[in-house]
1. Pick from region 161-177 the residues that are in contact (Cβ under 8 Å) with a residue 24 or more places away in the chain and among the hydrophobic types (A, V, I, L, M, F, W, C): which of them is surrounded by the most Cβ atoms within 10 Å (Cβ to Cβ)?
2. Find the helices (runs of 4 or more DSSP H) located wholly in region 14-130 whose residues include 3 or more that are within 30 Å of Arg189 (Cβ to Cβ) and in contact (Cβ under 8 Å) with a residue 12 or more places away in the chain, and list them.
3. Here is a check on your reading of the model: is Ala106 of a type in the set (A, V, I, L, M, F, W, C), assigned by TED's automatic domain parsing to the domain that holds Phe182, in contact with a helix residue (DSSP H, G or I) (Cβ under 7 Å, 6 or more places away or on another chain) and surrounded by 15 or more Cβ atoms within 10 Å (Cβ to Cβ)?
4. Identify, by number, the condition in (1) farther than 26 Å from Gly86 by Cα; (2) outside any helix (DSSP H, G or I); (3) at pLDDT 85 or above that Gly181 doesn't meet.
5. So, Leu136, is that one of a type in the set (A, V, I, L, M) and more than 15 Å from Glu41 (Cβ to Cβ) or not?
Amino acid sequence: MMQAEADQKAEPPAMDAGRERELGFAVALRALARREHSSKELRLKMRRRGVTESTVDEVLCKLQQEGLQSDERFTEIFVRSRIERGQGELRIRADLRNKGIFEADADRFFPQDESHWNERAADVVRRRFLRSSTELLARYQTTDEPLGSDESRLDRELAAELYAERRKLNARMARFLASRGFSSGVSRRAIDGLWEEVEQ
């Protein structure tokens with residue numbers, strides 16, 4: 001009998017519906033004041049604070065009716081900001097899925113031209129690896145002639161070392177671009193483009 005009483009005391013008292021709605025709105029509005037949130041993100045925040053599922057649904061519906069929360073607006077802003085931060089399509093889509101945004105709903109906010117992603121990847125890899133790729137070639141260059149020219153005086157040993165070092169750097173660049181969410185084809189074109197620039 002005493003154990004049952006202790007268990008009852010340990011449970012927090014249930015909130016009345018009005019107080020629960022107020023808490024839900026307070027949690028959601030505080031989050032939305034900082035940045036746009038998806039409905040899934042707001043749902044999780046409210047549930048963590050003890051708001052029941054039915055009240056969460058009610059609060060989200062009201063916020064959407066008043067234009068305070070929109071998954072569409074969230075998706076548009078999210079995609080644009082992630083592109084500006086140098087992330088690729090695969091990473092952005094994965095992050096959107098985690099935030100409860102379906103792929104079909106996000107499609108129209110992504111650039112449809114593949115050249116856009118090629119340019120973004122080229123820019124990202126250039127900023128990160130131009131110096132190291134230039135320094136790598138400079139270490140093995142014995143004349144002022146371009147590396148691929150007939151006048152290059154790289155002996156076979158140096159050429160083999162350069163090949164091995166270049167493969168390592170290529171692998172690093174590929175891993176970096178993959179972590180940023182660029183596809184393997186886009187990454188390969190960006191890496192090839194960087195070497196073309198460096199070897200000129």
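The values are calculated or read from the model by the stated rules, or taken from the named source; none is laboratory data. Keep in mind that this is a model prediction, so the values were computed, not measured. No Cβ is skipped: glycine too gets one built from the backbone with ideal geometry, and neighbour counts run over all protein chains shown.
1. Keep residues of region 161-177 that are in contact (Cβ under 8 Å) with a residue 24 or more places away in the chain, which gives 162, 165-166, 169, 172-173, 176-177.
Then drop every residue that is not among the hydrophobic types (A, V, I, L, M, F, W, C), which leaves 162, 169, 173, 176-177.
Values: Leu162: 17, Leu169: 17, Met173: 23, Phe176: 16, Leu177: 25.
Selected residue: Leu177.
2. 71-84, 89-98
3. no
4. Here Gly181 clears every test but (1).
5. yes
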